[in-house]
Amino acid sequence: MKIFLCITLTILSVFGTTASIPLDQQADSAYAADDFARAAALYQEVMKSEGTSSALYYNLGNCYYRLGKPGLAIVNYERALRLDPSDASAKANLEFVNSKIFDRQGDRGSFMSNAFDNAATFTSSNAMAWTAFALFALCLCAVGLYIFASSIGLRKVGFFGAIVLLIGCIVTAVLAVRGAHIATNRNFAIITSPSALLSTSPREPKDRREEAMLLHEGTKVEILDSISAQNDSTGLKWLDVQVDNNHRAWIKSSDVERI
């Protein structure tokens, strides 16, 4: 009886100690012990219970890379950068994993649109919005200086300063709106299957003429449209995707994960 009691107390003490450790710390410990599958599962539990963050997506991306799943690693690094575009570690890891994938994509979008989007994602949309608010406040101060200053020189400073600050406020506000749109855009996805055969129509290719291209894990695509497969009880969808400026085709939804 004493032995049974001792064993029971030992088990309870072990489980009690484990339960008292926060999930994120358990996940970090599992990662440090090279138990990447358990670490990934624990990080996902933390997200469900406490919400997402750039750091959690970054850690989850590291787990998936260690598990040999570069597609899911890229998905999570991209999600981390949507929440915090200034995360240098996530940027570096994303560039590293992208350099390892098989496919080399062509250009997507124009030079000007890409430059505008890069400026909009230089920092978070919230930071952009606060910057726009600060510039607007300074603009009002410059207007006050123009109205109430007695010196001609100060009034000129107020007048031209207000114009510059107003332009800066408008540009920053536009960038903030664009950055927020990019951060919440669900139209981009990453191929997570080892390889995916794209079709010229929303169905399995019947012959070589209906085969559009073969893409591999980690390739980024833009989803333009979707359609449910006919006579398919599994609810499989086919996605109309833009691979780059010169390639567009259909891919099974099960082969990708939206960012």
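Per-structure values
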read-out: Modelled FRET efficiency - R0 22 Å, residue 122 with residue 55, Cβ distances, 0.05 increments; value: 0.65
read-out: Distant-in-sequence amide H partners of residue 256 (H built 1.01 Å from N, under 5 Å); value: 192
read-out: Label-point separation in nm, residue 184 to residue 143, each point 7 Å along Cα→Cβ; value: 2.8
read-out: Rough spin-label spacing in nm, given labels placed 7 Å along Cα→Cβ, for residue 44 and residue 130; value: 3.4
read-out: When each of 206/237; 69/220; 48/91; 206/252 is checked by Cα-Cα distance, pairs over 22 Å; value: 48/91
read-out: Stretchable slack from residue 105 to residue 170, in nm (0.36 nm times residue separation minus alpha-carbon distance); value: 20.0 nm
read-out: With 5 Å bins from 0: P(r) over region 136-244, alpha-carbon pairs, percent; value: 2, 10, 12, 13, 10, 6, 5, 5, 5, 6, 6, 6, 5, 4, 2, 1, 0
read-out: 5 angstrom amide H check on residue 84, placed H, neighbours 5+ away; value: none
read-out: Bins of 5 Å, starting at 0 and running to the largest distance - Cα pair percent for the chain; value: 1, 6, 9, 11, 12, 11, 10, 9, 7, 6, 5, 4, 3, 2, 1, 1, 0, 0, 0, 0
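Read-outs throughout are calculated quantities, based only on the coordinates presented, and are distinct from any laboratory measurement. Computed from a predicted structure; not experimentally measured. When we count neighbours, we look across all protein chains shown, and the Cβ atoms used for this are built from the backbone with ideal geometry, even at glycine.
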